[in-house]
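K.L.:
Encoded as structure tokens, here's the structure I'll be asking about.
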Amino acid sequence: MSASNDCAATNLRIDLAAAYRLLALHGWSDNIFTHLSARCLDHSDRFLLNSYGLLPEEVCASNLIEVDVQGENAGVDDASVNPAGFTIHSAIHMARTDAHCVMHTHTMAGMAVAGLEEGLLMVNQTSMEFFNRVAYYDYQGIPLACDEREAIVAALGDKHSMILRNHGLLTVGRTVAEAYYRMYYLNKACEIQIETMKTGGKLLLPDDAICEHVAQQASSPRYMAQSIDLIWQAMRRKLDRTDPTYRD
């Protein structure tokens, strides 16, 4: 591998480790059962995942595990990965060439909306960014078996965000920053919905045309690229100020 490729691979590890630390920072951690992954730059059939048993706040660039789509650890004898996490992440990495990063969370707000029959409601402009752009996957049990991979991929289709019913949230991105951006605002939309529903008032839901207009505005390439970059750099700076050990 060339020096430039080595640098890119190192930066990918640092970005993914940063994303794990941000989970802890935001209070999104589900102890050891939260998992994020990133496809390796030099091997399309391998991806990085956290070592099973580590809290998100313990993940750093050097202790991420490289695993292939068959579940074999690359050069690591004593480390293992979350089996349910492997099923979900390997499925999407295998099927979606644009899914270089896959994030799956069990946040309180995300799990609450995942338990609602109506799913995500367009109660706020943050929610409207996801109008007709969120897939749903019906709960089949803990996804421990690899034969569930096809169903997960079929449910996601060509979308970048998914609500796993009775389970949690999932986003994909061409970069760690992009997947993080989508996860942050999908979870924020869920938080807004839960808080709105708590009031007991009648929900004000705009017309579909308005929702689609907002979704198109938010997904314009120039707007998204700038927002993703600025937010990611800001969050990396925050981590560097508070605990830069994610880089180790």
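Derivation of every value follows stated rules applied to the coordinates shown; laboratory data play no part. Please read all numbers here as calculations on a predicted model, not as lab measurements. Every residue, glycine among them, receives a Cβ derived from its backbone with ideal geometry; neighbour counts consider all protein chains shown.
K.L.:
Per residue, what volume in Å³ does the convex hull of the Cα atoms of the range 74-143 enclose? Present the calculation step by step, with values, prior to reporting the outcome.
P.N.:
Numbers: hull volume 9.8 nm³, N = 70.
Hull volume over Cα atoms, normalised by residue count, gives 140 Å³.
K.L.:
State the label only: which of (1) 22; (2) 32; (3) 27 corresponds to percent of Cα pairs over 29 Å apart computed from the shown model?
P.N.:
Checked against the structure: label (3).
K.L.:
Using modelled amide H (1.01 Å from N, peptide plane; none on Pro or chain starts), what sits under 5 Å from the amide H of Ser80, excluding residues fewer than 5 places away?
P.N.:
Tyr52
K.L.:
Tell me the angle of helix 221-242 to the major Cα principal axis of the chain, expressed in degrees between 0 and 90 and rounded to the nearest ten.
P.N.:
Result, in degrees: 60.
K.L.:
Which lysines does Lys198 reach when only Cα atoms under 30 Å apart count, and residues fewer than 8 places away in its own chain are ignored?
P.N.:
The reachable lysines, counting only those whose Cα sits under 30 Å from Lys198, are Lys159, Lys188.
K.L.:
Rounded to the nearest 5, what % of the DSSP beta bridges within the range 119-174 are antiparallel ones? Could you put the intermediate results ahead of the total?
P.N.:
On the way: 4 of 8 bridges.
Roughly 50 percent of the DSSP beta bridges within the range 119-174 come out antiparallel.
K.L.:
While we're looking at this one, here's another question. Among 111-120, 34-43, 207-216, how do they line up by average Cβ neighbours within 10 Å per residue, starting with the highest? Please report the intermediate quantities before stating the final value.
P.N.:
Values: 111-120: 15.9, 34-43: 21.1, 207-216: 13.9.
Answer by packing, highest mean first, reads 34-43, 111-120, 207-216.
K.L.:
Summarise the long-distance tail of P(r) for the range 102-248 by giving the % of C-alpha pairs beyond 22 Å.
P.N.:
Values: 4778 of 10731 pairs.
When every Cα pair of the range 102-248 is considered, 45 percent fall beyond 22 Å.
K.L.:
Another question about this same structure. Which value at 222 nm does the chain reach when only helices count, each DSSP H run of 4 or more adding -39,500 (n - 2.57), with the total divided by all residues and rounded to the nearest 500 deg cm²/dmol? The partial results should precede the final answer.
P.N.:
Details: 8 runs with 112 residues, N = 248.
The per-residue figure over the chain is -14500 deg cm²/dmol.
K.L.:
Using each residue's phi in the range 117-126, evaluate 6.51 cos²θ - 1.76 cosθ + 1.60 at θ = phi - 60° and report the 3J(HN,Hα) Karplus result to the nearest Hz, with x for Gly and Pro.
P.N.:
4, 7, x, 7, 9, 8, 8, 7, 5, 5
K.L.:
In nm, what is the difference between 0.36 nm times the number of residues separating Thr175 and Ala9 and their Cα-Cα distance?
P.N.:
Numbers: separation 166, 0.36 × 166 = 59.76 nm, distance 1.25 nm.
Here the segment from Thr175 to Ala9 would lengthen by 58.5 nm.
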